[in-house]
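Notes follow once the structure below has been shown.
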Amino acid sequence: MRLILLGPPGAGKGTQSERLKEKYHIPQLSTGDMLRAEVKAATPVGLEAKAVMDKGGLVPDDTVVGIVADRIEAPDAKAGFILDGFPRTVHQAEALARMLRAKNMDLDAVIELKVDEATLLDRIAKRVKDMLACGGTVRADDNPEAFKTRLDAYHAQTAPVADFYAKKAVLKTVDGMAPVDAVTRAIEQMLDGPARSVHSG
Ligand code: ADP
């Protein structure tokens, strides 16, 4: 199963990906996580990406496409994967299409989490508060200014990615404002098809 989760920052892509990877036994490939790992390890890619990421902007397409191209070659991605945070631009979507075509592979579904943006800022604020309350650290880009930049980048560059997949008829939309479990169920139903009804008599 090869899936993409689309949606603005704070829409719950990470939470849903965690659940889907357990159910379908496929890895979650989060470009945000991969880039944060590069930053932490102070690799050349990480050093270049850090400033852009902290401000909430997008890392250059070629950098991200290179990371994903390497990652989907790994043995654990052979049976499928969930892409979380990629593609974020139409250019990245086209690059992914070329990568998959070269491997004779298709996407099974692109799932878009639709959310009410007025509540996203509240979600981010809550995420930060909860993390700090339990003694954790927060992401450098989880502050109102960077969040606004991330949301702007989403509108300008990622929203067209949904249209790109809608044209290919693989786009499925889920109400991301529903409770977490309900969102998971809606996604699973889309992927597994409706449960067969049992007729008595
Ligand atoms: P979000 O919560 O905004 O969905 P992510 O963890 O997916 O955050 O990404 C964090 C940051 O990493 C982004 O704001 C961006 O700077 C960078 N990033 C992640 N994925 C991509 C991508 N596909 N293209 C460009 N930049 C990316």
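Has the stretch 24-42 got at least one residue that is in contact (Cβ under 8 Å) with a residue 40 or more places away in the chain, among the β-branched types (Val, Ile, Thr) and within 23 Å of residue 137 (Cβ to Cβ)? For the stretch 24-42, residues in contact (Cβ under 8 Å) with a residue 40 or more places away in the chain, among the β-branched types (Val, Ile, Thr) and within 23 Å of residue 137 (Cβ to Cβ): present. Look at (1) under 18 Å from residue 10 (Cα atoms); (2) out of contact with any helix residue (DSSP H, G or I) (no Cβ under 8 Å at 6 or more places or on another chain) and you find that residue 56 fails only one, number (2). The residue of the stretch 133-170 that is modelled with the lowest pLDDT, among those that are under 22 Å from residue 60 (Cβ atoms) and β-branched (Val, Ile, Thr), is 149. Would you check which residues across the stretch 16-35 are within 11 Å of the ligand (Cβ to nearest atom), polar (S, T, N, Q) and either over 15 Å from residue 68 (Cα atoms) or surrounded by fewer than 17 Cβ atoms within 10 Å (Cβ to Cβ) (or both) and list them? The answer is 17, and nothing else. Here is the figure for the stretch 36-70: residues that are farther than 19 Å from residue 95 by Cα, among the aliphatic types (A, V, I, L, M) and either under 17 Å from the mean Cα position of the chain (by Cα) or within 11 Å of the ligand (Cβ to nearest atom) (or both) total 6.
The values are calculated or read from the model by the stated rules, or taken from the named source; none is laboratory data. Just so it is clear, the structure is predicted and the values come from calculations on it, not from any experiment. Here the Cβ is made from the backbone with ideal geometry for all residues, glycine too, and neighbour counts use every protein chain on show.
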